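The values are calculated or read from the model by the stated rules, or taken from the named source; none is laboratory data. Computed from a predicted model, the values in this text were never measured in an experiment. So basically every Cβ, Gly included, is an ideal-geometry build from the backbone, and we count neighbours across all protein chains shown.
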Amino acid sequence: MTLASFFEENPRAALAFSGGTDSALLLWAAARWAKDACAYYVKTPFQPAFELRDARRLADQLGARLKVLELDVLTVPEAAANGPQRCYYCKRAIFGAILSAARADGFPLVIDGTNASDDADDRPGMRALRELSVRSPLRECGLTKENVRRLSREAGLFTWEKPAYACLATRIPTGTVITPGLLARAEHAEEALAALGFSDFRVRLMEGAARVQVTADQFPLALACREQLVNALKPENGAVLLDLEPRTPSR
């Protein structure tokens with residue numbers, strides 16, 4: 001199966017759109033081959049502001065319809081509690097909102113950007129998608145992350161080299177109750193790193209500290225701007241730590 005044939009068989013679809021590389025390619029394909037498609041972005045406290053900016057930018061580039069749904073996922077007790085199954089409950093809430101909106105708009109199918117490289121058997125969020133009958137065309141077409149990036153580059157999508165990005169909730173240790181304040185701390189810290197020229201990084205929150213993780217090639221930058229890093233992160237974190245184990249690049 002190809003993406004073209006998928007949309008020939010399923011000409012009307014609602015797309016769960018995150019603004020990331022995978023769903024960006026899927027939106028491009030839907031804009032090209034579907035008869036009627038709409039992207040739905042669910043804005044929650046777990047998503048940083050730049051993701052919505054990227055989603056809007058790409059939708060504008062493709063001339064695609066985009067609807068933004070507001071959801072306070074912290075009102076889902078199991079998600080806010082941040083246990084081992086947090087992602088399952090979060091995905092249930094997010095895709096439940098998309099399904100409701102899609103049905104109201106007359107769409108018979110909801111699709112998402114899971115690709116053939118994703119380990120669908122070992123991720124709580126994937127179980128939620130299966131339960132809600134969400135289909136994943138990239139996976140069904142056998143498109144790996146490498147394929148997705150190549151096709152995105154050929155299509156001229158600015159997202160082709162965008163690093164993989166997990167939601168802000170992953171910056172908070174499992175078992176620590178998630179609050180708006182902790183999410184804001186994580187987002188502010190990562191905005192500061194981006195402003196200093198870092199890419200593909202994480203800032204993990206610990207008790208009273210921020211642990212900065214960068215790829216091996218960005219260690220020189222971390223050392224060169226050590227003072228700026230400390231000054232930027234120190235106001236909201238009692239200590240600023242650099243993880244000496246390099247972060248594996250997110251591709």
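Computed quantities for the displayed model
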| read-out | value |
| --- | --- |
| Matching entry among Ala210, Ala169, Ala186 (being among the small types (Gly, Ala, Ser), closer than 13 Å to Val240 by Cβ, buried (at least 16 other Cβ atoms within 10 Å of the Cβ) and at pLDDT 95 or above) | Ala210 |
| Count of residues meeting criterion [in contact (Cβ under 8 Å) with a residue 40 or more places away in the chain, over 20 Å from Ala29 (Cβ atoms) and surrounded by 14 or more Cβ atoms within 10 Å (Cβ to Cβ)] in segment 39-49 | 6 |
| Subset of segment 152-183 that is over 17 Å from the mean Cα position of the chain (by Cα) and assigned to a helix (DSSP H, G or I) - its residue that is nearest to Thr75 (Cα to Cα) | Pro180 |
| Subset tally (residues that are part of a loop (DSSP other than H, G, I, E, B) and either closer than 22 Å to Leu26 by Cβ or not assigned by TED's automatic domain parsing to the domain that holds Glu51 (or both)) for segment 62-100 | 4 |
| Segment 1-41: number of residues that are more than 15 Å from Thr114 (Cα to Cα) and within 11 Å of the chain's Cα centre (by Cα) | 1 |
